[in-house]
Amino acid sequence: MSAPAHSVRPIRKAIFPVAGLGTRFLPASKTVPKEMLTVVDMPVIQYAVNEAREAGIEHFVFVTGRNKAVIEDYFDLQPELQETLENRNKTEMLSVLKQSQLAAGTTSFTRQQEPLGLGHAVWCGREIVGNEPFALLLPDMVMMAEKGCLSSMMEVYNQTGGNVIGVEECDPDEVSNYGIVAPGDEVAGGFEIKGMVEKPAKNDAPSNMYINGRYILQPEIFDLLGKQKAGTGNEIQLTDAMLRLANEQSFYGTKFTGRTFDCGSKEGFIAANVAFSLSRDDTGTLVRDIIEGLMKK
Ligand code: G1P
């Protein structure tokens with residue numbers, strides 16, 4: 001193990017890359033960022049923010065793009081709405097509203113001006129994060145679990161230090177959609193990562209363990225990203241820079257055991273809506289009846 005517990009630096013900041021065009025959600029994404037589409041009644045982006053908050057994140061860095069300004073508005077206060085709800089004694093709605101706000105001074109917004117890939121989007125957050133380890137959450141991946149994926153990763157990180165990546169198993173036919181890791185020995189509730197490859201062909205994949213969109217990274221990644229050449233899909237790939245960082249630093253994987261919905265695809269987004277509405281007290285019974293009725297037809 002590379003880093004003893006006492007030298008592990010805390011993770012205070014998280015980056016949320018939200019610059020993607022969302023072409024799979026046209027025509028809605030012409031004017032509504034895909035991160036603002038709702039799973040039941042909460043925008044996709046808020047699931048990731050809540051997960052980060054639960055894991056103790058104090059500062060939220062959004063890497064946005066043109067047409068994404070509404071994300072900044074969303075996390076702001078809405079004094080008129082608040083006043084109206086207060087006057088009407090809508091306490092439950094008021095607490096929902098409060099949950100959706102981020103405190104003054106705890107957010108930063110910067111733009112990825114050109115669509116050069118995930119690695120480039122993360123690099124755009126370098127000055128805001130500065131020289132400290134940070135979390136990275138890809139908001140398309142909406143997760144359902146008793147304990148958030150990032151919280152579980154923090155537990156491993158607090159013992160191992162270094163870099164920690166969330167992973168899950170996928171169908172071997174789907175490895176070419178994801179970053180895939182080569183798992184090594186087990187450590188501290190996780191395992192060492194021996195290799196990584198972005199979107200490999202089925203025959204070249206070192207395993208079926210895919211990177212699920214949650215990362216704890218050391219700040220040295222930024223320099224590597226700044227120098228990283230375009231890779232798969234002619235984009236600057238985070239996985240390629242992580243592979244280079246792995247020559248100098250340790251990488252660990254944490255297997256996430258909850259459910260993940262890839263809300264970057266229509267099917268995943270619909271599945272998330274069904275699953276979350278079934279799991280909620282306010283909608284569960286009714287939605288179950290409706291789905292059962294539809295299935296009979
Ligand atoms: C990105 C990462 C990939 C990861 C995936 C998870 O790919 O590059 O390693 O497995 O997110 O969603 P993208 O979905 O942006 O193509």
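Screening the candidates Lys194, Lys199 for the property of being more than 19 Å from Thr160 (Cα to Cα) and not aromatic (Phe, Trp, Tyr) yields one hit, Lys199. The lone criterion from (1) part of a helix (DSSP H, G or I); (2) within 16 Å of the ligand (Cβ to nearest atom); (3) within 13 Å of the chain's Cα centre (by Cα) left unmet by Ala135 is number (1).
Any idea which residue in the stretch 158-177 is surrounded by the most Cβ atoms within 10 Å (Cβ to Cβ), counting only those that are among the hydrophobic types (A, V, I, L, M, F, W, C) and within 14 Å of the ligand (Cβ to nearest atom)?
Among those residues, the one meeting the criterion is Val167.
Scan the stretch 178-201 for residues that are closer than 12 Å to Ile211 by Cα, crowded, with 22+ Cβ neighbours inside 10 Å and touching a residue at least 60 places away in the same chain (Cβ under 8 Å) and the total you get is 3.
Of the strands (runs of 3 or more DSSP E) contained entirely in the stretch 143-222, those carrying at least 1 residues that are of a type in the set (Phe, Trp, Tyr) fall at 190-198, 209-217. None of Gly213, Gly268 is within 16 Å of the ligand (Cβ to nearest atom), on the phi > 0 side of the Ramachandran plot and open to solvent by less than 20 Å² (accessible area, probe 1.4 Å) except Gly213. Restricting attention to the stretch 223-267, the residues that are in contact (Cβ under 8 Å) with a residue 24 or more places away in the chain, closer than 23 Å to Glu51 by Cβ and assigned to a helix (DSSP H, G or I) add up to 4.
Can you confirm whether the stretch 70-91 contains a residue that is touching a residue at least 60 places away in the same chain (Cβ under 8 Å), under 24 Å from Ser277 (Cβ atoms) and surrounded by 12 or more Cβ atoms within 10 Å (Cβ to Cβ)? Taking every residue of the stretch 70-91 in turn, none turns out to be touching a residue at least 60 places away in the same chain (Cβ under 8 Å), under 24 Å from Ser277 (Cβ atoms) and surrounded by 12 or more Cβ atoms within 10 Å (Cβ to Cβ).
Identify, from the list Ala230, Ala246, the residue that is within 16 Å of the ligand (Cβ to nearest atom), open to solvent by 30 Å² or more (accessible area, probe 1.4 Å) and either at pLDDT 95 or above or under 19 Å from Gln46 (Cα atoms) (or both).
Numbers: Ala230 fails: either at pLDDT 95 or above or under 19 Å from Gln46 (Cα atoms) (or both).
Result: Ala246 is the single residue among Ala230, Ala246 that is within 16 Å of the ligand (Cβ to nearest atom), open to solvent by 30 Å² or more (accessible area, probe 1.4 Å) and either at pLDDT 95 or above or under 19 Å from Gln46 (Cα atoms) (or both).
The set of residues from the stretch 233-243 being touching a helix residue (DSSP H, G or I) at 6+ places or on another chain (Cβ under 6 Å) and open to solvent by 20 Å² or more (accessible area, probe 1.4 Å) comprises just one member, Ile236. Taking the stretch 1-110 and the helices (runs of 4 or more DSSP H) fully enclosed by it, the elements with 3 or more residues that are more than 30 Å from Gly189 (Cα to Cα) and touching a Leu at 6+ places or on another chain (Cβ under 9 Å) are at 79-87, 91-99.
For the stretch 193-210, the candidate set comprises residues that are away from the ligand (no atom under 12 Å from the Cβ) and among the charged types (D, E, K, R); within that set, the residue that is nearest to Glu127 (Cα to Cα) is Lys194.
The values are calculated or read from the model by the stated rules, or taken from the named source; none is laboratory data. Predicted model, so just to flag it, every value in this text is computed and none were measured. Cβ: placed from backbone, ideal geometry, glycine included. Neighbour counts: every protein chain shown. With ligands, DNA and RNA removed, areas are computed over all heavy atoms of the protein, side chains included. Shrake-Rupley method; radii C 1.70, N 1.55, O 1.52, S 1.80 Å.
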